[in-house]
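Read the figures in this text as sums done on the coordinates, not as results from a lab. These numbers were taken from a predicted model, which means no experiment stands behind them. Note that each Cβ is placed from the backbone with ideal geometry, even for glycine, and that neighbours are counted across all protein chains shown.
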Amino acid sequence: MTLPTPRILMCRPDYYGIEYEINPWMNRQRQADRTLALAQWQALVDLLGGLGAQIELVPPVAGLPDLVFTANAGLIFHQRAILSHFRPRQRQGEEEVFAAWFASHGFQVVRPPSEHFFEGAGDALFCGATLFAGYRIRSDIRGAQWLAQELGCEVIPLELVNPYYYHLDTCFCPLAPDTAIWYPPAFDAYGQRVITQFIPRLVAVADDEARAFACNAVVVGRHVVTNTGCPHLHEELVRQGYTPHQTPLGEFVKAGGSAKCLTLRLDGEDAAAWRQMPVEGSNGSS
Ligand code: ARG
């Protein structure tokens, strides 16, 4: 079976900046250089395009500086886009922008109940048939329970315990249905045990590389794209048969994001088992 071309949603950083502080990486005194940010973003686009991905763009909006982090638009499951409902009010304005984009691009927009916070693919990642859902700092645990019902799949909630690793995609990255990168100290002892029980092949990153957002990787087939500053992870990926790529994303680290945060896989992540399956089992796919 040939898989479709990978499709990735991104947003030009025309209005990107550090305008508020909603995670420990952000400091308004450490402003992003917008020209450099645009160059870094364009280099990521070119790199992903070179790996065969088709890049789709949501138009930037003035006053929504974090719209560039499209991983937080929602969670894609077949033709359904489970829309995010952001905990920080500063990002709530993004919800309708992403809803409109999804609706006009053939996705059925599903909204979580308004009392649940849910930050999309930043906090919900498939590894095989199982959805791993980060909670507490941004998304909440009841949102994860609602997701399990809505998608009809097994959802493993993982409590995030370190404010620097506030979204699951900052400390966990599925590479294949049985393989993931992770940063163990971002989880409590129970979460660590669950991850080791469910995922047979785990690549742990050390503190300094976690701080360089090593876990925030974009996976396209056997290619893995990260920020610079993750040499040990890259060596290990080569040993495991992957092809790592690095590209500088320091301007986005200032907002607490890196490669993965700047992307949303529209056709399902490579590690998601549903991507390899016929389109069915999704009640009401359009
Ligand atoms: N400044 C953004 C926030 O704190 C960064 C989001 C990064 N996105 C991600 N998927 N981790 O919400």
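Of all beta bridges DSSP finds with both residues in the chain, what is the antiparallel percent, to the nearest 5?
Details: 19 of 40 bridges.
Roughly 50 percent of the DSSP beta bridges within the chain come out antiparallel.
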**Prompt:** Antiparallel DSSP bridges in region 132-273: what percent, to the nearest 5?
**Reply:** 40 percent
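If I stretch the segment between Q54 and H232 completely, what's the gain in nm (0.36 nm per residue apart, minus their alpha carbon distance), one decimal? Intermediate values should be presented prior to the final figure.
Numbers: separation 178, 0.36 × 178 = 64.08 nm, distance 2.91 nm.
Computed gain between Q54 and H232 is 61.2 nm.
Quick check on region 110-191: of the DSSP beta bridges with both residues there, what percent are antiparallel, nearest 5%? Write out the running numbers ahead of the final one.
On the way: 9 of 14 bridges.
Looking only at bridges with both residues in region 110-191, the antiparallel portion is about 65 percent.
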**Asked** Build a GNM of the chain with springs between Cα atoms under 10 Å: which of S114, S258, S139 gets the top mean-square fluctuation?
**Response** S114
**Highest-fluctuation residue, T179, T196, T263 considered, GNM on the chain with Cα pairs under 10 Å** = T196
**Whole-number D in µm²/s for the chain (Stokes-Einstein; Kirkwood sum over Cα pairs; 25 °C, 0.890 mPa s)** = 133 µm²/s
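Please state the charge dipole magnitude for region 50-146, taken about the Cα centre, from unit charges on C-beta atoms (+1 on K and R, -1 on D and E), reported in debye and rounded to the nearest 20.
On the way: 8 positive and 9 negative charges, 44 e Å.
Dipole about the Cα centre, nearest 20: 200 debye.
How high is the FRET efficiency between Q149 and D188 when r is their beta carbon distance and R₀ equals 25 Å, given to the nearest 0.05? Before the final figure, lay out each step's value.
Details: r = 25 Å, r/R0 = 0.98.
Efficiency, rounded to the nearest 0.05: 0.55.
Can you list which of the trypsin sites (Lys or Arg not before Pro) found in region 8-76 are DSSP loop residues with at most 15 other C-beta atoms within 10 Å? Mind showing how you got there, number by number?
Numbers: sites: R28, R30, R34; in loops: R28, R30.
Here the sparse-neighbourhood loop sites are R28, R30.
A129 to R211: extension gain in nm, 0.36 nm per residue of separation minus the Cα-Cα distance?
Details: separation 82, 0.36 × 82 = 29.52 nm, distance 2.89 nm.
Once the chain is fully extended between A129 and R211, it gains 26.6 nm.
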**Request:** Rank A62, A214, A180 by mean-square fluctuation in a GNM of the chain with C-alpha springs under 10 angstrom and give only the top-ranked residue.
**Result:** A62
**Prompt:** Is it possible to state the helix-based mean residue ellipticity at 222 nm for the chain, with each DSSP H run of 4+ residues giving -39500 (n - 2.57), the sum divided by total residues, to the nearest 500 deg cm²/dmol? What is it?
**Reply:** -7000 deg cm²/dmol
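Please return the longest range in the chain lying between exposed loop sites, taking GluC sites (Glu not before Pro), DSSP loop only, at most 14 other beta-carbon atoms within 10 Å, and leaving the sites out.
On the way: sites that count: E115, E154, E280.
Within the chain, the longest run free of exposed GluC sites (Glu not before Pro) spans 155-279.
Placing unit charges on C-beta atoms (Lys and Arg positive, Asp and Glu negative, everything else neutral), compute the dipole magnitude of the chain about its Cα centre in debye, rounded to 20. Intermediate values should be presented prior to the final figure.
On the way: 22 positive and 30 negative charges, 12 e Å.
About 60 debye.
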**Item:** Modelled FRET efficiency - R0 25 Å, Q90 with R7, Cβ distances, 0.05 increments
**Value:** 0.35
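At a threshold of 8 angstrom on Cα-Cα distance, excluding pairs fewer than six apart, so keeping six or more, what relative contact order does region 153-196 reach in percent? Display every interim value, and only then the final one.
Values: 35 pairs, mean separation 16.6, N = 44.
Once normalised by length, the contact order is 38 percent.
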**Asked** In which sequence would T70, T130 go, from the one with the fewest C-beta neighbours within 10 Å to the one with the most?
**Response** T130, T70
